[in-house]
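The values are calculated or read from the model by the stated rules, or taken from the named source; none is laboratory data. Nothing here was measured: the structure is a model prediction, and the numbers come from that model. Methodologically, a virtual Cβ is constructed for each residue, glycine included, from the backbone with ideal geometry; neighbour enumeration extends over all protein chains shown. Side chains are part of the model used for accessible areas, which takes the heavy atoms of the whole protein and leaves out ligands, DNA and RNA. Shrake-Rupley method; radii C 1.70, N 1.55, O 1.52, S 1.80 Å.
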Amino acid sequence: MATVAEDSVIKVAALSGSLRKASYDEGLIVRAAIELSKESIVGMEIEHLDISQLPMQNIDLEGEDHEGSFPPAVEDLRQKILESDCILFSSPEFNYSVSAPLKNAIDWASRPPNVWADKAAAIISASAAMGGARGQLHRRQIGVFIDLHFINKPEFFLNVFQPPAKFDSQGNLIDENTKERLKEVLLALQAFTWRLKNGNKCLTFAESGSS
């Protein structure tokens, strides 16, 4: 694959809402999206952010004055999100909603100053029945308040129990059609991220040039 300049690379922070070792959603990120970005998408780097070590969100852990002093695992997560250009969420649907580990990570990173703000984002999910559609809807509602900008299309809901088999016993994505669908999501996220970045540059230029 051809090399590209560092400032031409979209940096993606990827979070999985499932902590299970052979998790399908973890597989979509760690064992599928990252491989696809390396093999066939020029100008994209995906980093998986481990949220398994985060403490439960508690303002008392932010220091005496509650003014932005966070536990080390939280600070590391927040810094990596801040340095990224966009976000990729992959999570199963729990009780029509967001999984507890992912909601905890979202809440920590939204504490002032909110490090999610003005970033592009995409949602993928592997679950039963509707493939996580209702959980995705709830994440979009949360995104409104924390100022995330989600791509609308293509949508990615994966029913993991519907034939043909999508994953092997280790949680590796083996279905080629699903891999192609995932690649389309990544390309759309990349394109939308560039649109937002270029739009913000134009807005900054216009504001600096106004009298």
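Checking the structure you have, find out if any residue of the range 76-94 is loosely packed, with under 13 Cβ neighbours inside 10 Å and over 22 Å from Leu189 (Cβ atoms).
no
May I ask you to list the residues in the range 157-194 that are in contact with a Lys or Arg (Cβ under 9 Å, 6 or more places away or on another chain) and under 21 Å from Asn95 (Cβ atoms)?
Answer for the range 157-194, where residues must be in contact with a Lys or Arg (Cβ under 9 Å, 6 or more places away or on another chain) and under 21 Å from Asn95 (Cβ atoms): Leu158, Asn159, Val160.
When the residues of the range 32-58 are filtered to those that are outside any loop (DSSP other than H, G, I, E, B) and among the hydroxyl-bearing types (Ser, Thr, Tyr), which remaining residue is nearest to Gln79 (Cα to Cα)?
Ser37
Taking strands (runs of 3 or more DSSP E) that fall entirely within the range 68-184, which contain at least 3 residues that are closer than 20 Å to His48 by Cα?
86-90, 120-127
Of the conditions (1) free of Cβ contacts under 8 Å to residues at least 60 places away in the same chain; (2) buried (at least 16 other Cβ atoms within 10 Å of the Cβ), Leu158 clears all except one; give me its number.
Of the numbered conditions (1) free of Cβ contacts under 8 Å to residues at least 60 places away in the same chain; (2) buried (at least 16 other Cβ atoms within 10 Å of the Cβ), the odd one out for Leu158 is (1).
Specify which of the listed residues (Ala122, Ala117, Ala129, Ala165) is touching a residue at least 40 places away in the same chain (Cβ under 8 Å) and either in contact with a Leu (Cβ under 8 Å, 6 or more places away or on another chain) or among the hydrophobic types (A, V, I, L, M, F, W, C) (or both).
Ala122
For the range 12-31, name all the residues that are part of a helix (DSSP H, G or I), open to solvent by less than 10 Å² (accessible area, probe 1.4 Å) and β-branched (Val, Ile, Thr).
Residue satisfying the conditions is Ile29 alone.
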